[in-house]
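What follows is calculated from the coordinates using simple rules that are stated; it is not laboratory data. Quantities reported herein were computed from a predicted structural model and do not represent experimental measurements. Virtual Cβ from ideal backbone geometry, glycine too; neighbours counted across all protein chains shown.
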């Protein structure tokens, strides 16, 4: 236990010392008076329990005024969350109204607003490549502005999304080596990546393997990836470079990423489902020591002791002092 205002304990100690001295002097005078009258009452101090309860109450109250604190392990949501937002051309599809990207942006804003202040939030926009548009931090306005500024362009690279998110978390550039591996990133158990994407446009098997390698690197670093599928499996068409291109939600790709890291896939086929994303994604709880104030408990005990002391004093002497 510690004290937030230890100097306030000094006058409390002095007050208790004065009270103890007063009780002792009073007891001695009483014993002397009784002895002079020829009355002997052994154990005189034990006949004044009310006064000692009062002294104890004042002592506890003095501690309460000094602001006692207990350091207790408290579970809370904390750490870093990176929102990886797909801005590829397919996110302009309208199978989720008004468009996949617009619906994802709205869900991302709600997600940001729902997070406690102990969570740092960053934003990564990705198409074929990826860029950390907002580094992780406590400023919610910055994160929301980064989400608002996203525009559709290019193809889709979930590998780039994961690597850029890992870079934002670790503070250093993370890339796959020629053999498809990622260097040791350390351990980041309080970090989570949330990917909003339709998962489409992954291309060949090599691209899929690279995505799994990036997800494995996240898993090795203790980082969960939660994926949110934006779109419908039936899909629709979008215009890209003057051509009509069919695009559909790739749930398998997004599920593979999530399960590789111990995260979960969250389907969101329409705007209503996306609105509830914040409540369906479980961020991990961390345990941190927090100073819990105990002044209230000490004050309650002090009042109890003072009350008992008053009752015993009145019962023995017929008066309060």
Kirkwood estimate for the stretch 73-161, i.e. one over the average of 1/r between Cα atoms, Å: 13.4
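Take the alpha carbon gyration tensor of the stretch 140-214, find the square roots of its eigenvalues, order them as a ≥ b ≥ c, and report rounded if a/c is under 1.5; if not, report prolate when a/b exceeds b/c, else oblate. Spell out each step's value before the answer.
Working: a/c = 2.27, a/b = 1.14, b/c = 1.99.
It comes out oblate by the Cα gyration axes.
Which whole number of Å³ per residue matches the convex hull of the alpha-carbon atoms in the stretch 131-184? Don't jump to the answer; show the numbers that get you there.
On the way: hull volume 4.5 nm³, N = 54.
Residue-normalised Cα hull volume stands at 84 Å³.
List 24, 124 from most exposed to least, where exposure is judged by having the fewest other Cβ atoms within 10 Å.
On the way: 24 12, 124 28.
Listed from fewest to most nearby Cβ atoms, that is 24, 124.
Any chance you could list the semi-axes, whole Å, largest first, of the equivalent ellipsoid that the Cα gyration tensor gives for the stretch 175-222, using √(5λ)?
Details: eigenvalues 85, 52, 7 Å².
Ellipsoid half-lengths, sorted descending, are 21, 16, 6 Å.
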State, to one decimal in nm, how far the label point of residue 291 lies from the label point of residue 220, with both points 7 Å from Cα in the Cβ direction. 4.2
Would you order 91, 85, 1 from fewest to most other beta-carbon atoms within 10 Å of each residue's own beta-carbon? 1, 85, 91
Of all DSSP beta bridges located in the chain, what percent are antiparallel, nearest 5? 45
Modelling each spin label as a point 7 Å along the Cα-to-Cβ direction, I'd like the residue 7/residue 140 distance in nm, to one decimal. 3.7
Taking Cα atoms of the stretch 116-160, Rg/Rh with Kirkwood Rh, to two decimals? 1.04
For the stretch 132-159 and the stretch 241-265, write down the distance between their C-alpha centroids in whole Å. 19
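Expressed in nm to one decimal, what extension gain is obtained for the pair residue 184 and residue 153 from 0.36 nm per residue of sequence separation less their Cα-Cα distance?
Details: separation 31, 0.36 × 31 = 11.16 nm, distance 3.20 nm.
Gain in length upon complete extension: 8.0 nm.
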If you line up the Cα atoms of the stretch 75-288 on their principal axes, what length do they span on each, largest first, in Å? 52, 40, 25
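Exposure proxy check: 179, 95 ranked by fewest other beta carbons within 10 Å?
Working: 179 6, 95 22.
So the ranking, lowest neighbour count to highest, is 179, 95.
Relative contact order for the chain: what percent, with Cα pairs under 8 Å and sequence separation of 6 or more?
Working: 636 pairs, mean separation 77.8, N = 321.
It comes to 24 percent, rounded to a whole number.
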Could you give the length gained by full extension between residue 204 and residue 264, i.e. 0.36 nm per residue of separation minus their alpha carbon distance, to one decimal place? 19.2 nm
Computed FRET value (nearest 0.05) for residue 240 with residue 106, which takes r as the C-beta separation and R₀ as 22 Å: 0.40
